[in-house]
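Scroll down for the structure; my scribbles are underneath it.
Where a number appears in this text, it was derived from the coordinates with a stated rule and is not lab data. All figures in this text were calculated on a predicted structure; none of them were measured in a lab. Quick reminder, even Gly has a Cβ in these numbers, built from the backbone with ideal geometry, and neighbours come from all protein chains shown.
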Amino acid sequence: MKHLLKLSDLTSDEILDLLGLADQLKFENKNGIPHHYLEGKTLGMIFQKSSTRTRVSFETGMYQLGGHALFLSSRDLQIGRGEPVEDTARVLSRYLDGIMIRTYQQSEVETLAKYGSIPVINGLTDYAHPCQVLADLQTIREYKGALSGKKLAFIGDGNNMANSLIVGCIKMGMRVAIGCPKDYMPDSGIVEWAHSTGELLITEDIYEAAEGADAVYTDVWSSMGMEAETEKRKKDFAGYCVDSKLMDHAKSDAMVLHCLPAHRGEEITAEVLEAHAGEIFDEAENRLHAQKAVMVKLMANK
């Protein structure tokens, strides 16, 4: 494992290894055990998309690991003024021990990794959100005791979250159901891979998707950069809401997950969110622990 660009690059064993390390780091953090595995290391964090959880969790994580994080807004970098990604990668590799980037195009992340000589972590693209799904898997395992054989239902846009959940869950032996409108399907290549590798259902019927689910997941209807489509998406996703009626189709002890921020009354009701706030905010916290595991695995011995 040289980078974390997308979950499809990792083997099932590599994902399990990361989850185990995340659990260890969470235990050490909760019990005040020093874990300065990245002392003297520096992570550059490139943000072309703003963030709450990504910035705070990576910055705090590097501090807890004994290292230092640099916030690099695209407004402050020459990359925001037309410098090629290839050149940025080669320059930053001379200064830093790792790069985390949160941007739009997956190709930009891949190019950074190709031309740089240090580990690159995908903090989010329009195609994938691997760090979030590692935290999701960690949370499901905490609540359910295992991943293999469990069913996850995702309700909403077949976006970067759906793409990464399909890959991560199937690699962990889970069944996946996606309830989404026909014009908002997940990536076709990922769907093809999933059908040949594991068990994936894609349906416009959200109740069919949620039937017998151990975990129900949703995300906002309009992700960052889609503001111009907000009103159209509200119409297209009308009815794609995680509410108590939908939860009646899942298992009685089903958990609810949301990568946040949540728009109460749109993709999830306030009632369901508050009833499952424990799981949702444990999931948010686990971004810190899962990402620390990624950083340790990639940067500790470099």
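Just add up the charged neighbours of Gly173: K/R +1, D/E -1, any other residue whose Cβ is under 10 Å from the Cβ of Gly173.
+2
A simple spin-label model places the labels of Asp282 and Glu192 3.9 nm from each other, with each point 7 Å out along Cα-to-Cβ. Taking every alpha-carbon pair within the chain, the share separated by more than 38 Å comes to 11 percent. For segment 22-122, GluC sites (Glu not before Pro) meeting the loop criterion (DSSP other than H, G, I, E, B) and having at most 15 other Cβ atoms within 10 Å: Glu39. As a length-normalised measure over Cα pairs under 8 Å and 6 or more apart, the relative contact order of the chain settles at 20 percent. When the Cα gyration tensor is reduced to axis lengths a ≥ b ≥ c, the ratio a/c is 1.5 or higher for segment 157-246, and with a/b not above b/c it is classed as oblate. Need the C-alpha centroid separation for segment 192-262 versus segment 81-158, integer Å. Here the two parts' Cα centres lie 22 Å apart.
Dipole size of segment 131-284 about its Cα centre, with +1 on Lys/Arg Cβ and -1 on Asp/Glu Cβ: approximately 320 debye, rounded to the nearest 20. Extension gain for the segment Ser8 to Glu274, taken as residue separation times 0.36 nm less the Cα-Cα distance, is 92.5 nm to one decimal. Beta bridges assigned by DSSP with both partners in segment 29-170 are antiparallel in approximately 0 percent of cases.
Fewest-first ordering of Arg75, Arg287, Arg55 by other beta carbons within 10 Å of each residue's beta carbon gives Arg75, Arg55, Arg287. Comparing Asn163, Asn29, Asn122 in a Gaussian network model of the chain (Cα springs below 10 Å), the most mobile by mean-square fluctuation is Asn29.
Placing a label point 7 Å from the Cα of Lys235 along the Cα-to-Cβ direction, no residue of segment 195-211 has its backbone N under 13 Å from that point. How would segment 131-284 be classified by its alpha-carbon gyration tensor: rounded, prolate or oblate, with rounded meaning a/c under 1.5 and the a/b versus b/c comparison settling the rest? Because its axes are fairly even, with a/c under 1.5, segment 131-284 counts as rounded.
In a simple Cβ point-charge model (Lys, Arg +1; Asp, Glu -1; nothing else charged), the chain has a dipole of about 940 debye relative to its Cα centre.
Counted over the chain, the DSSP beta bridges are approximately 0% antiparallel. Taking the Cα atoms of segment 81-186, the ratio Rg/Rh between the radius of gyration and the Kirkwood radius comes to 1.08.
Projecting label points 7 angstrom from Cα along Cα→Cβ for Asp87 and Asn301 puts them 3.6 nm apart. Remark: the Met226-Leu16 segment gains 72.2 nm on full extension, using 0.36 nm per residue and subtracting the alpha carbon distance. Here the simple spin-label model places points 7 Å from the Cα toward Cβ, and for Glu211 and Thr60 these points are separated by 4.1 nm.
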